[in-house]
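**Q** Quick one: the structure is below, and I'll ask about it shortly.
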Amino acid sequence: MSKSTRQQFADTMLAIGQENQNLVVMVGDIGHGMLKPFAEFCVNRYYNIGILEPTMISMGAGLAASGLCPVIHTIAPFMIERAFEQIKLDFCYHKLPGNIVTVGSAFDYSNLGCTHHCYGDFALLKTLPGTEICFPASAIEFDGLFRQSYQNNFLTIFRIAGASHDFNFKSEDIVFGKGICVEEGADLTIVATGPQLKMALSARDALHSRGISVEVIYIHTIRPLDVKLIRASAEKTGRVVVIEEHMRTGGLGDDVLRAIYDIPNLKFHSASIPDKFVTGYGTYEELCESIGLTPEELLISISNWFDT
Amino acid sequence: MIDNKILNKDLRKKIVDMVIAGKDGHIPSAFSIIDIITLLYRNVLKFDAKTPEWLHRDYFILSKGHGCLALYVNLHRHGFITDRDIEMFCKQGGILGEHPDRTKVPGAEASTGSLGHGLSFAIGIALGLKIQGLNNRMFVLLGDGECQEGTVWEAANVARNRRLGNLCAIIDWNQSAMQLLPVDDMPKKWEAFGWNVHVVNGHDEEEMLDVIQKIEFNKDGIPTVIVAKTIKGKGVSMLEGHGIWHHRIPNEQEYKLIMEALS
């Protein structure tokens, strides 16, 4: 079984923390088991600070102002939504760099209900100048993206996916800000982010069986977005589908559409979370099914694109 | 009781002149804290105005950002900002607005204005200094109304439990908060959070200095709060209290009366 992205987060913190004395990790009462090695090796640089996310964010900005490199970690809605103004003012307006690592985005905590869901985070964060947003859905992605960006001049948000796409990227494939062309094709472009790459590949297989050639682009960096790669593909195929675990409003789909809207005779479809609360329970997979994030639903949505 | 002695008349006049020229500003809020900030910059804080990011400086954050005129006149007095900066208050192209801006104003450690951010940001800096083994001190000035924000108490809780003895908070206890929530025993609240608490007259420099000089700043100790009893608008009777003057520009007649009172 491959290493989880979350375990890789802890391992990467330990590895970098031993090299870089400025790395400080603060958590909001989660992840202390995984981060115990970091806490032991990086004495005085690990803080389970308490259940007070707005202050944890402000403190992270203060750590950055004192010259340190903060990594702040807890559950997505309590940081991105509850502490949004602290992110906006204390990090972004101050132009202070740092790193926020979330778990529990979208509906990863499926049975915990809407209080623990967060599927508007891309939209919120994209309103803030000075932010970068990644969505690593495998261990190798997290490690590569974090190492490439954690010391830059921006606030970088790493949305750790609960599930994985189970696709094996090579470490050299992972370049911050660059999409990955997983497969070349001629008739349709599927742009997928996070674990939904798995659905994209299932849809690709089904479409191949009908003689449709699919180009699959994987996006691990939501911002800055690799617009060049996406647009070149869209100009080639003229048909674009975006698959993501984010609300339709403000998600990757919006950015992709903005990048390609002027391509003549373009067909576009967004497979995403509808603009309403996801109120059901069950497994992650069952919730995906309940909102139509399945290859079958996707094929129905674009069935008339290839009739002629 | 707070006596009627009025300190820092020249700086109070300068604040009023800035408000007249800039056609905006919170005079009473600035008058409430001008004596505290003036004392800090003259007798307490270590700084180098020519190198505002000097590594060995003490940090000062004005968390109640709307009192910024009291900060600006002191930054000007000590050479952080220029005559031209003062003239351009609230004007297009200037660096001084109605809240301090870390990205524009030399010496401003935080961009404040949205209440409830300054102490949390300050304890991050204080923790960062502690982690790095540095001896810089952290001062942060909050309003009593601001202390209605929940984040203030989040930060108070963390500061005590993380033993940020390099931190001194000062509360501008001018009773603004009690207009809305009258049960407001400020010293007891901070005592309940385990801080060292001192109550002083915020318009008596000697008393404040005596307390500050006795604080044992260290990297592993109990943080200190100074609850400063102040009068909003202190120095000009017509401005004092919680009435219409909070965010009002004096007209010509009122300006004359204010200046006469400060003569």
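The values are calculated or read from the model by the stated rules, or taken from the named source; none is laboratory data. These numbers come from a predicted model, not from an experiment. As a convention, Cβ positions derive from the backbone with ideal geometry for all residues, glycine included, and neighbour counts pool all protein chains shown.
**Q** Of (1) in a helix (DSSP H, G or I); (2) in contact with a Lys or Arg (Cβ under 7 Å, 6 or more places away or on another chain), B:PHE47 satisfies all except one. Which?
**A** (1)
**Q** Which number in (1) within 19 Å of B:ALA177 (Cα to Cα); (2) in contact with a helix residue (DSSP H, G or I) (Cβ under 7 Å, 6 or more places away or on another chain); (3) more than 8 Å from chain A (Cβ to nearest Cβ) marks the one condition that B:THR151 misses?
**A** B:THR151 satisfies every listed condition except (3).
**Q** Working only within the range A:172-188, note down all residues that are within 8 Å of A:VAL216 (Cβ to Cβ) and within 20 Å of the chain's Cα centre (by Cα). Outline the logic, then answer.
**A** Narrowing the range A:172-188 to residues within 8 Å of A:VAL216 (Cβ to Cβ): A:181-183, A:185.
Once the filter is applied, which keeps residues that are within 8 Å of A:VAL216 (Cβ to Cβ) and within 20 Å of the chain's Cα centre (by Cα), the range A:172-188 yields A:CYS181, A:VAL182.
**Q** While we're looking at this one, here's another question. Which pairs turn up if I take residues in the range A:215-229 that are buried (at least 24 other Cβ atoms within 10 Å of the Cβ) and look for partners that are modelled with pLDDT under 95 and assigned to a strand (DSSP E or B) with beta carbon separation below 7 Å, at least 6 apart in sequence or on another chain?
**A** none
**Q** Now for a different question. Quick test of your reading of the structure: B:LYS232 fulfils all but one of (1) assigned to a loop (DSSP other than H, G, I, E, B); (2) of a type in the set (Lys, Arg); (3) free of Cβ contacts under 8 Å to residues at least 40 places away in the same chain. Name the failing condition by number.
**A** (3)
**Q** Among residues belonging to the range A:244-279 that are more than 17 Å from the chain's Cα centre (by Cα) and in contact (Cβ under 8 Å) with a residue 60 or more places away in the chain, point out the one that is farthest from A:ASP121 (Cα to Cα).
**A** Residues of the range A:244-279 that are more than 17 Å from the chain's Cα centre (by Cα), as a first pass: A:257-269, A:274-279.
Keeping just the survivors that are in contact (Cβ under 8 Å) with a residue 60 or more places away in the chain gives A:277-279.
Values: A:PHE277: 14, A:VAL278: 15, A:THR279: 18 Å.
It comes out as A:THR279.
**Q** State yes or no: is B:LYS229 within 19 Å of the chain's Cα centre (by Cα) and either of a type in the set (D, E, K, R) or buried (at least 22 other Cβ atoms within 10 Å of the Cβ) (or both)?
**A** Details: within 19 Å of the chain's Cα centre (by Cα): yes; either of a type in the set (D, E, K, R) or buried (at least 22 other Cβ atoms within 10 Å of the Cβ) (or both): yes.
Spelling it out, B:LYS229 is indeed within 19 Å of the chain's Cα centre (by Cα) and either of a type in the set (D, E, K, R) or buried (at least 22 other Cβ atoms within 10 Å of the Cβ) (or both).
**Q** Now for a different question. Looking only at the range B:77-96, how many residues end up being without any contact (Cβ under 8 Å) to a residue 24 or more places away in the chain, under 23 Å from B:PHE47 (Cα atoms) and not charged (D, E, K, R)? First the steps, then the outcome.
**A** Filtering the range B:77-96 down to residues without any contact (Cβ under 8 Å) to a residue 24 or more places away in the chain leaves B:82-85, B:88, B:92-95.
Next cut, under 23 Å from B:PHE47 (Cα atoms) only: B:82-85, B:95.
When the remaining residues are screened for being not charged (D, E, K, R), the result is B:82, B:95.
Total meeting the criteria: 2.
**Q** Something else about it: Looking at the structure I just gave you, is B:ASN201 closer than 24 Å to B:GLY241 by Cβ and more than 10 Å from chain A (Cβ to nearest Cβ)? Show your work before the answer.
**A** Working: closer than 24 Å to B:GLY241 by Cβ: yes; more than 10 Å from chain A (Cβ to nearest Cβ): yes.
The answer is yes for B:ASN201.
**Q** Return a yes/no flag: does the range A:200-207 have any residue that is of a type outside the set (A, V, I, L, M), assigned to a loop (DSSP other than H, G, I, E, B) and under 21 Å from A:SER303 (Cβ atoms). Full working, then the answer.
**A** Step one: of the range A:200-207, the residues of a type outside the set (A, V, I, L, M) are A:202, A:204-205.
Now restrict to residues that are assigned to a loop (DSSP other than H, G, I, E, B): none.
Among the residues of the range A:200-207, not one is of a type outside the set (A, V, I, L, M), assigned to a loop (DSSP other than H, G, I, E, B) and under 21 Å from A:SER303 (Cβ atoms), which makes the answer no.
**Q** Looking only at helices (runs of 4 or more DSSP H) that fall completely inside the range A:1-118, which ones have 1 or more residues that are among the β-branched types (Val, Ile, Thr)? Write out each step before concluding.
**A** On the way: elements: A:5-19, A:36-41, A:53-65.
Passing ranges, in order: A:5-19, A:53-65.
**Q** Check the range B:132-143 and report whether any residue there is assigned to a helix (DSSP H, G or I), at pLDDT 95 or above and more than 7 Å from chain A (Cβ to nearest Cβ). Steps first, please.
**A** To start, the set of residues in the range B:132-143 that are assigned to a helix (DSSP H, G or I) comprises none.
No, that holds for no residue.
**Q** Return a yes/no flag: does the range A:171-190 have any residue that is charged (D, E, K, R) and free of Cβ contacts under 8 Å to residues at least 12 places away in the same chain.
**A** Going residue by residue through the range A:171-190, those that are charged (D, E, K, R) are A:172-173, A:178, A:183-184, A:187.
Next cut, free of Cβ contacts under 8 Å to residues at least 12 places away in the same chain only: A:172-173.
Yes, the range A:171-190 contains at least one residue that is charged (D, E, K, R) and free of Cβ contacts under 8 Å to residues at least 12 places away in the same chain.
**Q** Just one of (1) in contact (Cβ under 8 Å) with a residue 40 or more places away in the chain; (2) not in a loop (DSSP other than H, G, I, E, B) trips up B:VAL199, so point out which.
**A** (1)
**Q** Okay, next question. Look through the range A:21-30, keep the residues that are surrounded by fewer than 21 Cβ atoms within 10 Å (Cβ to Cβ) and more than 11 Å from chain B (Cβ to nearest Cβ), and return whichever of them is nearest to B:LEU164 (Cα to Cα). Steps first, please.
**A** Taking the range A:21-30 and keeping what is surrounded by fewer than 21 Cβ atoms within 10 Å (Cβ to Cβ), we get A:21-22, A:29-30.
Right, trim to more than 11 Å from chain B (Cβ to nearest Cβ) and you get A:29-30.
Details: A:ASP29: 20, A:ILE30: 23 Å.
The residue in question is A:ASP29.
**Q** What number of residues in the range A:38-68 are more than 10 Å from every other protein chain (Cβ to nearest Cβ), crowded, with 17+ Cβ neighbours inside 10 Å and touching a residue at least 24 places away in the same chain (Cβ under 8 Å)?
**A** Looking only at that region, the number is 2.
**Q** Answer yes or no: is there a residue in the range B:99-122 that is in contact (Cβ under 8 Å) with a residue 24 or more places away in the chain, closer than 20 Å to B:ILE215 by Cβ, more than 11 Å from chain A (Cβ to nearest Cβ) and not in a strand (DSSP E or B).
**A** The answer is no, given that none of the residues of the range B:99-122 is in contact (Cβ under 8 Å) with a residue 24 or more places away in the chain, closer than 20 Å to B:ILE215 by Cβ, more than 11 Å from chain A (Cβ to nearest Cβ) and not in a strand (DSSP E or B).
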